[in-house]
Each structure stands twice: as C-alpha cells, then as structure tokens.
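Here is the structure we will look at.
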Amino acid sequence: MIVDAARGAPLGTDAQSPPPELVQLLTPEGERVEHPEYDVNLTPEEIKGLYRDLVIVRRIDTEAVALTRQGELGIWASLLGQEAAQIGSAHALKQDDMAFPSYREHGVAWCRGVDPLDLLGLFRGVNHAGWDPKAHNFHLYTIVIGSHTLHATGYAMGIQRDGAENAAIVYFGDGATSQGDVNEAFVWSAAQNAPIVFFCQNNQWAISEPLEKQSRIPLYRRAEGFGFPGIRVDGNDVFAVHAVTQKALDNARSGQGPTLIEAFTYRMGAHTTTDDPTRYRLQAELESWKLKDPIERLKAYLVKNQLADREFFDAIDAEAKEVGSDLRRRCLELPDPEPTAIWENVYATEHSLLAEERGQFTSYLASFEDVSR
Amino acid sequence: MNEGLRKAMENDPKVLIMGEDVGKLGGVFRVTDGLQKDFGEARVIDTPLAESGIVGTAIGLALRGYRPVCEIQFDGFVFPAFNQITTQLAKMRMRSLGTLELPVVIRIPCGGGIGAVEHHSESPEAYFTHTGGLRVVACSNPADAYTMIQQAIECPDPVIFFEPKRRYWDKAPVDRDLSKAVPFDKAVVARPGEDVTVLAYGPMVKTALEAAQADEQHSIEVVDVRSLNPLDEETVLESVRRTGRCVVVHEAPVFNGYGGELAARITEKCFYNLEAPVLRVGGFSTPYPPSRLEDHYLPDLDRVLDAVDRTFAW
C-alpha cells in the first residue's frame, strides 16, 4: 500500500507492488531485530551516548517551548518525536562532513557542538543565526523550504573538486519534497554524482497538510526516477537511522553519489508554537505514535540488555535538567542588539548607502538625547 | 568579457564558470568561448537547465571556498533563480553575522534591441537594486567589460553583473592593466559637458553619447553610472550641481524604475542647483513588446534629445 490505508488509496496505486520496506533494527518495545543489510556497530558506551543526546535535546526543546509560552521567544519549531532521526543521523557524520539543516534540526545542532543558546537567537529575534557554520560544519537554519538542498548540492560539488573524502548531508521535511529546488537538487546531484545524502524527515505533516497532499508514492521511491537509491528507515529507531545514514555517507564519500533517506517519523508536537494541530489531526493518531517514542524504546533496550542502571538514567536526567535551566538563564540574559546592528555584516566591503543611512539614523536617535537634557 | 573571465580564471584557481551551454558551445553569445577547453569541465560547468539550481549550487560552492561566476542565459530567465538570489544569496552574510562570504557573480545579458522573441529583452535591474546585500553593476563598453568582470569576481560580496547584449558586438581598445582601472563601484563621466547631465548605464550609455554628439545646441555631459548599488552619488551629484539639469535614461520601464531613485536623490540633494525637474526617459509600463515594436519602446537618440529639450523649456 502506498499511503496509510486510513487516509485512503491514492490514484495510480499499483496493486502488485509490495509494501514499502522499512529498515528497523529496534522495535518500539526495545527488541533488537535483524536486517539482512544493516546491523548495529555501536559499543555500549556509544549507545549510552545516543541515549544521553536524545534525552538532552528533548529537554532543550521542552525548555524552548516553555520560554516561548512565557514570551521569551517569539516562536519555536519543536523537534518532539524526531529525536532519533536527528541524533542517529548526526552521530553517523564525521567531523569534516557538512550538515545543512532546515529549521527544526536542534538535535543535529547539538551533536555538531552548537551551543543551544545560539539556536535561540533566531527565535528570540536578536539575530538571524548565532553560530559560525564553519566552526561546526553545521550551516545556518534555512526557513525558505528546500532552498538549502541546492546549497548542500553545490557544497558537495566543492568537496568533489577538492578531492576530499567527505560528504554533505541535507535535512528537510516531507513538505519540502514538493519544492522545485529540492527536485532540482536531486537532478543536479545525480548528474554530478555529488557526495550528498538527502535526509528527509517525513513527520507526516507539513503544518496542516498530510503526506497525500504531496505525493502519490512513498517519498523514498522518488529517488529512483532521479537515478539514485532511496531508502525508508524507521525514523524513531536510532539504531536503524544511524546504520542507514552511515552507509549512505560511506557511499557518498567513496564516489557512489547521492542517497535519499526517508526517515519515517512523526511530529508529536505542533508545527511551531503558533500552530494548533487539534484543528487538522486526530488525537488517536498522536496516541499511536506515542507508543513508538524514540527515547522510550532505547531506554527499554538498555534496561533489557542490562547496559544501564537506574543511576545512569538519573544522572542523564539530572544533566538534561541542568542543560535546560542553564539555557533558560542565559536566554533571559541575551541582550537586545544595538540599533546600528541593522547595518552590520550586510556587505563585506564598504557601502556608501548603508554608511549614509546608519549615520542619519544615529543622528536621529541622538536628537532625542538632546531633548532629554 | 571573454578575456576578463579568462584572466580571472588564470589568476585564481577557485574561480568557476557555470551556466547553460557555457562549455563546448561557449555560451549562446560565445562569452565563455574556449574556456572549458582550456580550464576543463570541473571549472567550466555545463549545468542542468535549472536557473534556481545554478544560483543555489553556486551558493554552496561559495560556502566551500569557490568563486562561482554564473551565467543566466537571458535576462528573462533569471526569475526562476529570483528566490535563491534575494532570499538566500543576498542575506546569507548578514544572517551568519559576517562569518560567511558569498563571492558569487551572476552575469545577466540584458536589454533589447536585437530583435529577439519575448523574455529575451528584459531589464530587470530594479528588482535587484531593491534587495540589500547585493551589488548591482552594469558595463557599457568593451574596456569596462574586461575590467569590471574581474573586479566583480574579486569582490567578496555577491554581484549582479548586467551585460548589454546588443553591445556584445562593439569593438574598442582595452587596457589590460587592471591597476589603472576605475573601481567598479564608481561612476565615470563618459563625456564632459556643461549644460545638462544625462545619466545612463549599460546599453543606454552609447545611446546617450550619440545624443550628446548629435546635439548642436547644448553641451551634454554623459555620466555612465556603472554601479547601481551602491550608487556613486558623489560623481552623479557633482555633475548635476554643475549643469543644473538632468535627464535619466534606461531601457527598463520608467514607473518604479531605477531612474526614479536617481531623480529623488538628485532632487533631495541638489534642489537649489536644479533649473528644471529631473526627467526620465525609458521603457513603458507594459510587458516588453514584440520586436517589431521595440524601436518605439526603447529610448533612442531622439527621445533622449526630446527630454533634453524639455529640460530647457522649463
């Protein structure tokens, strides 16, 4: 079946086609399952590291939602439910690989060493991005849907020209797959055999629009028409996401070109803090996905396999709490920028018009100081 | 243009050429003729037919340290790339708090006068001068083409580079010594005069010079604006203060065109020097007409002189 039965069969469904294969290595109950192609090649310490990051980024997300509710942020795009897709894929990256996020990849940012405070600048309105992309190999957030897939493709073409053994990875959502730029990026990267991984987090909802408004076929199958492999992975299974992303990155680095990964997941929260999902989706759907929670299943696995004890889980919770409260404190201390920041960094070189405007506006502001004296 | 691009590629191995048909064919105007043969397919890239992709991937290459020079085949085809240019290329440096540099040049053959079919004769400069973060320049003659394209490629900011396509066939001496060249963000007095200043850029500079030559009654000073953003106000205002009269000429529609900005600034800053309002000569507020009508649409020598006469009738 091409789309969930509950949403009706779309036109053009091929009754003979087998159901989409979903790569899964860890069931929602925390049971390890075998897959003919993919395996878990992580040490117990690395697995515990995954768990730590999953918990911490959820805590960062919770804190940011709360800060928005209290008026400290203007808006926030929650990653709730998508932690495994982000942490699993980000852990597969090497230092010199370059990640291009959309605007919900707070988990990837965390793994790339970006201070969570730097993520808040955009949402608080003190800047448009607070981090140096080159220092973290983590590009700026991109809000114009899908535009950055072309930047990632170009960057990958640069990697090719440098003769480097790295890859670019670009994160986008199910809605973005309808954008012309994303399709152009598929065309270009295929024609150039660029070292890139297209990582689509299909969280089932593009704000209020479900997947069937975007596609008649499963998204991972789009890749075939462009001439490169596509694969669907359980996006709530951090093991499977890690294994699939690692393979795709290895392929890219070794000259085998692009891969489209469709991480099948669910946006458990609202699109952003301004959204109200109760207007367009059923509570039962959310409840069914809660049973597939990415953090709970890894916790179950750790417990069942006696890889972690209560002390470990308590320590992680305490650390996450500390990250959250530290983030809150520093967010409240973020100063508003000076008015003249409007004209800063627009051009690398001297620009007469900007200099004139800045001068005029500074004098205008100073005129109020004269009045007060 | 071709020599300027070649020189830039020789000087800096990070300079790339990308566009539709720029390789074996040398571009539809042959501007990149022979470059792929000499610099290889990795540096002179025949791209898929996707303008958004040309600019979008150029941004990515710039992020990796390259200096891409994109060719948009015709002015009317830049619009599929409009989003990448205005929402991404223009803003990325500011959004990164200055940590990212975007040395991307977008070459656009522009304007009419070659009897082309629709979408091949447009003058879209005002869309880009309206967007902070971009530099917008237009060359008007072979010597400037050679120097300005090299200066644009050296510039760390994104540059929209307009090339008047009907002037591609013009011939003139070119000084290869770049060190003597006027900076590409400066206007130049193309022909000194005393009675009236005619401001023009790109294809209209030649028209303005011809008008100045033909006018036996008035001494016309022609200023080649060259850089539309930033505007070299000093050169422009100095000329108008001297002559007291000004006519602005461009091919683009007059309404909301770049000439409106020039007229407003001159009026604001030279009000007491002006003997007459700043007059504008340009295209009409219509889609570009079929080519059999373009001679009526495009400003020519007579329409420039008509406006000059009107400034003296005030």
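Of the beta bridges DSSP finds with both residues in chain A, what % are antiparallel, to the nearest 5?
Bridges in chain A are about 10 percent antiparallel.
Calculate for chain B the 222 nm mean residue ellipticity that helices alone would give, adding -39,500 (n - 2.57) per DSSP H run of length 4 or more and normalising by residue count, nearest 500 deg cm²/dmol. Please report the intermediate quantities before stating the final value.
Numbers: 11 runs with 100 residues, N = 314.
So the calculated ellipticity at 222 nm is -9000 deg cm²/dmol.
With a 1.4 Å probe and every protein chain left in place, work out the accessible area per residue of the range A:18-337 in Å², rounded to a whole number.
38
Kindly write out, for the range A:223-235 in residue order, the coupling ³J(HN,Hα) from the Karplus curve 6.51 cos²θ - 1.76 cosθ + 1.60 (θ = phi - 60°), rounded to whole Hz, with x marking Gly and Pro.
4, 4, x, 8, x, 9, x, x, 9, 9, 10, 5, x
Mind ranking A:165-178, A:249-262, A:210-223 by how tightly packed they are, going by the mean number of other C-beta atoms within 10 angstrom, highest first? Don't skip to the end; give the middle numbers.
On the way: A:165-178: 24.9, A:249-262: 21.0, A:210-223: 17.9.
Most protected by this proxy first, the peptides run A:165-178, A:249-262, A:210-223.
Please give the Cα centre distance for the range B:34-64 versus the range B:234-263, rounded to the nearest Å.
36
With a 1.4 Å probe and every protein chain left in place, tell me how much accessible area A:Glu45 has, in Å² to the nearest 10.
A:Glu45 has an accessible surface of roughly 120 Å² with all protein chains in place.
In the structure displayed, which of A:Lys213/B:Lys14; B:Lys7/B:Lys91; A:Lys134/A:Lys321; A:Lys134/B:Lys180 lie more than 31 Å apart, Cα to Cα?
A:Lys213/B:Lys14; A:Lys134/B:Lys180
Across peptide A:179-186, how many C-beta atoms of other chains are within 10 Å of each residue C-beta, on average? Walk me through the intermediate numbers first.
Working: counts 2, 5, 8, 0, 3, 11, 6, 0.
Counting Cβ atoms of other protein chains within 10 Å of each residue's Cβ and averaging gives 4.
Collect residues whose amide H, placed 1.01 Å from N in the peptide plane, falls under 5 Å from the amide H of B:Asn229; neighbours closer than 5 in sequence don't count.
B:Val136
Of the listed peptides B:246-255, B:119-128, B:230-239, what is their order by residue-averaged count of other C-beta atoms within 10 Å, with the highest listed first?
Ranking the peptides B:246-255, B:119-128, B:230-239 by packing returns B:246-255, B:119-128, B:230-239.
What's the average, rounded to a whole number, of partner chain beta-carbon atoms within 10 Å of each residue's beta-carbon in B:86-98?
Per residue, the average neighbour count from other chains is 6.
Gap in Å between the Cα centre of the range A:30-79 and the Cα centre of the range A:229-297?
First find each Cα centre; the distance between them is then 12 Å.
Using a 10 angstrom cutoff on alpha carbons, build the Gaussian network for chain A and name the most mobile of A:Glu338, A:Glu209, A:Glu72.
In this elastic network of chain A, the residue with the biggest mean-square fluctuation among A:Glu338, A:Glu209, A:Glu72 is A:Glu338.
Average partner chain C-beta neighbours within 10 Å, per residue of A:141-152?
Other-chain Cβ atoms within 10 Å of each residue's Cβ, averaged: 5.
Post the alpha-carbon centroid distance, the range A:303-373 to the range B:69-146, in whole angstrom.
33
Over chain A, what is the relative contact order in percent, taking alpha-carbon pairs closer than 8 angstrom and at least six residues apart?
On the way: 640 pairs, mean separation 87.4, N = 373.
Relative CO of chain A lands at 23 percent.
I want the antiparallel fraction of DSSP beta bridges within the range B:197-250, as a percent rounded to 5.
0
Taking θ = phi - 60°, what integer Hz values does the Karplus form 6.51 cos²θ - 1.76 cosθ + 1.60 yield along the range B:49-56, in sequence order, with x for Gly and Pro?
These are the phi-based 3J(HN,Hα) values: 7, 8, 5, 4, x, 4, 6, x Hz.
Sum up the charges of everything whose Cβ sits under 12 Å from the Cβ of A:Tyr301, counting Lys and Arg as +1 and Asp and Glu as -1, but leave A:Tyr301 out. Show your work: numbers first, answer last.
Working: positive: A:Arg32, A:Lys48, A:Arg297, A:Lys299, A:Lys304; negative: A:Glu29, A:Glu31, A:Asp237, A:Glu296.
With Lys, Arg at +1 and Asp, Glu at -1, the net is +1.
Select from A:Leu334, A:Leu298, A:Leu119 the residue whose mean-square fluctuation is largest in a Gaussian network model of chain A (Cα-Cα springs shorter than 10 Å).
A:Leu334
What fraction of the DSSP beta bridges in the protein assembly as shown is antiparallel, stated in percent and rounded to the nearest 5? Don't jump to the answer; show the numbers that get you there.
Working: 8 of 65 bridges.
Of the beta bridges lying entirely in the protein assembly as shown, close to 10 percent run antiparallel.
If the elastic network links every pair of Cα atoms under 10 Å, which of A:Ala320, A:Ala164, A:Ala129 fluctuates the most in the Gaussian network model of chain A?
A:Ala164
Helix-only estimate, please: 222 nm mean residue ellipticity of chain A, summing -39500 (n - 2.57) across DSSP H runs of length 4 or more and dividing by its residues, to the nearest 500.
-14500 deg cm²/dmol
List the residues, sorted by chain then number, that are 5 or more residues from B:Val15 or on another chain and whose placed amide H is less than 5 Å from its amide H.
Those lying under 5 Å, H to H, from B:Val15 are B:Arg67.
The values are calculated or read from the model by the stated rules, or taken from the named source; none is laboratory data. Computed from a predicted structure; not experimentally measured. Positions of Cβ are backbone-derived with ideal geometry, glycine not excepted, and every protein chain shown enters the neighbour counts. Side chains are part of the model used for accessible areas, which takes the heavy atoms of the whole protein and leaves out ligands, DNA and RNA. Shrake-Rupley method; radii C 1.70, N 1.55, O 1.52, S 1.80 Å.
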